[in-house]
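Trainee: The structure is given below, and queries will be raised subsequently.
The values are calculated or read from the model by the stated rules, or taken from the named source; none is laboratory data. Here the structure is a predicted model, which is why all the values come from computation and not from measurement. Cβ placement follows ideal geometry from the backbone for every residue including glycine, while neighbour counts extend to all protein chains displayed.
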Amino acid sequence: MTAGGVGGFPHQQQPAGSLEDDQSGNIWTRNGYVNSMEEYQEITNNLSIKKSRISAIVRSILSDDQKNIFKKYGYIFGCNEKPTNETCGRIIGKVMCSVDKSHTSYYKHERCNDPLCPVCYPKFTHVIADHVTNRVVGYNTVYKRDPLYHLIFWPDILTGYENITDAMRDANKMLKALGAKMALVLYHPYRIPEEMQEQLNEYKYANKLPENTGFWKMAHDDVLKLGSLAAYIVYGPHFHAIASGYLMDTVEYSKLGIGGYKKVRYMKDDKDVETLVNYIATHACKEHGKQTVRYFGLISPSKLGHGLPKNKKVKVLCQDCNASLEEYYCMVDPDGVPRVMDLKHKEVTRVVTTYVYYKITGKKRLPKPKSRVWT
Ligand SMILES: [Zn+2]
Ligand SMILES: [Zn+2]
């Protein structure tokens, strides 16, 4: 469920030179002009039901070989041997359901805030998933709603890429050839080989882990005690995309000699997009100072713009019963058992940032309006 795109209005062209009407607070969407505050409220309401974002403890992975492989083919989120500082991972709080303490709970811990830290990386993948979902929701409010698919595509020549910029340049070429109308893309330098996937599956069933536990989550946590994340992976450059458009037939595409692709599945809704992006970001290439996710076609920054960010505090709810959550101070005893202390907050909140999106049409750039930031 997304804001906009609900009514049966015909798809209209935006009037030239009037992206947003500043005086009235109205904004152009595919349904014509709507009030930007109402639009914002609706997007915010949709986002406010999002579940807790407090990650659980992840054990640090130690290996010297690891550095060598990642240095050569690129770093991925959470691939560092250990956190950047000593206190990262120390438990400082526990978040529990206000109604039933047996419901899913989370520990809060100190962070070093390095995207490559094995403890801190989930925070970054959640932020990425949030950004991407917001943009997809925004895209759907402005452009014609088309079915979105999860795609995997790969180059024919596996000599590798020097950096993420080179990788994404190749991805752009492949998406154009495929006929994608729009796409958001993440680059994966590595894959988990099938033999390893089988071992991880065995571990998952033997230990009764939740059905949806991903291979990469288990590899990051080093569940098989192989000593390093590098022990689970092989070099195998490929891309994941969420894309729309009439795509070329897979057999015909492979004849082009560029590479291959596979349609994995149809994306059900925004929540589906968020969950998928959060997972594929956990093993995406992370290059310092570079964007992890790239947007192509109609969802790219040259076709889809947005206004100023709007922040709103929203309640984080229990994932089992939707009741409010409470945060407690927590300390770890010398024997390693976390002990819950006084109540810290009666309510757990998070800040949700939303944008109002608009279509950018034509080749001419519009003049920069005063007192407005366009990003
Ligand atoms: Zn850390
Ligand atoms: Zn609950």
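Trainee: Given the structure, is Asn201 surrounded by fewer than 17 Cβ atoms within 10 Å (Cβ to Cβ) and assigned to a helix (DSSP H, G or I)? Full working, then the answer.
Mentor: Details: surrounded by fewer than 17 Cβ atoms within 10 Å (Cβ to Cβ): yes; assigned to a helix (DSSP H, G or I): yes.
Yes.
Trainee: Take Val137 and tell me if it is of a type in the set (Val, Ile, Thr), under 20 Å from the mean Cα position of the chain (by Cα), outside any loop (DSSP other than H, G, I, E, B) and crowded, with 17+ Cβ neighbours inside 10 Å. Write out each step before concluding.
Mentor: Values: of a type in the set (Val, Ile, Thr): yes; under 20 Å from the mean Cα position of the chain (by Cα): yes; outside any loop (DSSP other than H, G, I, E, B): yes; crowded, with 17+ Cβ neighbours inside 10 Å: yes.
Answer is yes for this residue.
Here's the yes/no breakdown for (1) free of Cβ contacts under 8 Å to residues at least 40 places away in the same chain; (2) among the basic types (Lys, Arg); (3) touching an Asp or Glu at 6+ places or on another chain (Cβ under 6 Å):
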{"position": "Ile152", "(1), (2), (3)": "no, no, no"}
{"position": "Glu162", "(1), (2), (3)": "yes, no, no"}
{"position": "Lys173", "(1), (2), (3)": "no, yes, no"}
{"position": "Lys181", "(1), (2), (3)": "no, yes, no"}
{"position": "Leu184", "(1), (2), (3)": "no, no, no"}
{"position": "Pro193", "(1), (2), (3)": "no, no, no"}
{"position": "Gln197", "(1), (2), (3)": "yes, no, no"}
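Trainee: From Glu252, Glu274, Glu287, which residue is assigned to a helix (DSSP H, G or I), over 30 Å from Val95 (Cα atoms) and more than 16 Å from ligand 2 (Cβ to nearest atom)? Break it down stepwise before answering.
Mentor: On the way: Glu274 fails: over 30 Å from Val95 (Cα atoms); Glu287 fails: assigned to a helix (DSSP H, G or I).
After ruling out the rest, the residue left standing is Glu252.
Trainee: Exactly one of these conditions fails for Val277: (1) in contact with a Gly (Cβ under 6 Å, 6 or more places away or on another chain); (2) at pLDDT 95 or above. Give me its number.
Mentor: It is condition (1) that Val277 fails.
Trainee: Scan segment 317-330 and give yes if some residue there is more than 16 Å from ligand 2 (Cβ to nearest atom) and in a strand (DSSP E or B), otherwise no. Give the derivation first.
Mentor: If we filter segment 317-330 for residues that are more than 16 Å from ligand 2 (Cβ to nearest atom), which is where we start, we get 329-330.
Those left that are additionally in a strand (DSSP E or B): 329-330.
Checked segment 317-330: at least one residue is more than 16 Å from ligand 2 (Cβ to nearest atom) and in a strand (DSSP E or B).
Trainee: Let me ask you something else. Could you tell me which of the residues Lys225, Lys263, Lys290, Lys208 is in contact (Cβ under 8 Å) with a residue 60 or more places away in the chain, among the basic types (Lys, Arg) and surrounded by fewer than 13 Cβ atoms within 10 Å (Cβ to Cβ)? Don't jump to the end; show me each part of the working.
Mentor: Working: Lys225 fails: in contact (Cβ under 8 Å) with a residue 60 or more places away in the chain; Lys263 fails: surrounded by fewer than 13 Cβ atoms within 10 Å (Cβ to Cβ); Lys208 fails: in contact (Cβ under 8 Å) with a residue 60 or more places away in the chain.
Of the residues listed, the single one that is in contact (Cβ under 8 Å) with a residue 60 or more places away in the chain, among the basic types (Lys, Arg) and surrounded by fewer than 13 Cβ atoms within 10 Å (Cβ to Cβ) is Lys290.
Trainee: If you check Met218, Met196, Met168, which single one turns out to be among the hydrophobic types (A, V, I, L, M, F, W, C) and within 30 Å of Tyr139 (Cβ to Cβ)?
Mentor: Met168
Trainee: Looking at segment 92-117, which of its residues are of a type in the set (A, V, I, L, M) and under 22 Å from Thr282 (Cα atoms)?
Mentor: Of everything in segment 92-117, just one residue is of a type in the set (A, V, I, L, M) and under 22 Å from Thr282 (Cα atoms), namely Leu116.
Trainee: Does any residue in segment 79-98 that is among the charged types (D, E, K, R) come within less than 6 Å, Cβ to Cβ, of a residue that is near ligand 1 (Cβ under 9 Å from one of its atoms) and assigned to a loop (DSSP other than H, G, I, E, B) six or more places away or on a different chain, and which pairs are these?
Mentor: Listed by first residue and then by second, the contacts come to Lys82/Ser60; Arg90/Glu110.
Trainee: Just give me the residues in segment 92-110 being in a loop (DSSP other than H, G, I, E, B), within 14 Å of ligand 2 (Cβ to nearest atom) and of a type outside the set (A, V, I, L, M, F, W, C), in sequence order. Spell out how you get there, then give the answer.
Mentor: Going through segment 92-110, the residues in a loop (DSSP other than H, G, I, E, B) turn out to be 98-105, 110.
Then drop every residue that is not within 14 Å of ligand 2 (Cβ to nearest atom), which leaves 98-105.
Those that are in a loop (DSSP other than H, G, I, E, B), within 14 Å of ligand 2 (Cβ to nearest atom) and of a type outside the set (A, V, I, L, M, F, W, C): Ser98, Asp100, Lys101, Ser102, His103, Thr104, Ser105.
Trainee: Any chance segment 111-126 includes a residue that's at pLDDT 75 or above and more than 22 Å from Val293 (Cα to Cα)?
Mentor: Step one: of segment 111-126, the residues at pLDDT 75 or above are 111-126.
Within this subset, residues satisfying the condition of being more than 22 Å from Val293 (Cα to Cα) are 111-112.
The answer is yes; a qualifying residue exists.
Trainee: Which is away from ligand 2 (no atom under 16 Å from the Cβ) and exposed (fewer than 15 other Cβ atoms within 10 Å of the Cβ), of Asn113, Asn172? Can you show your working first?
Mentor: On the way: Asn172 fails: exposed (fewer than 15 other Cβ atoms within 10 Å of the Cβ).
Every option except Asn113 fails the conditions.
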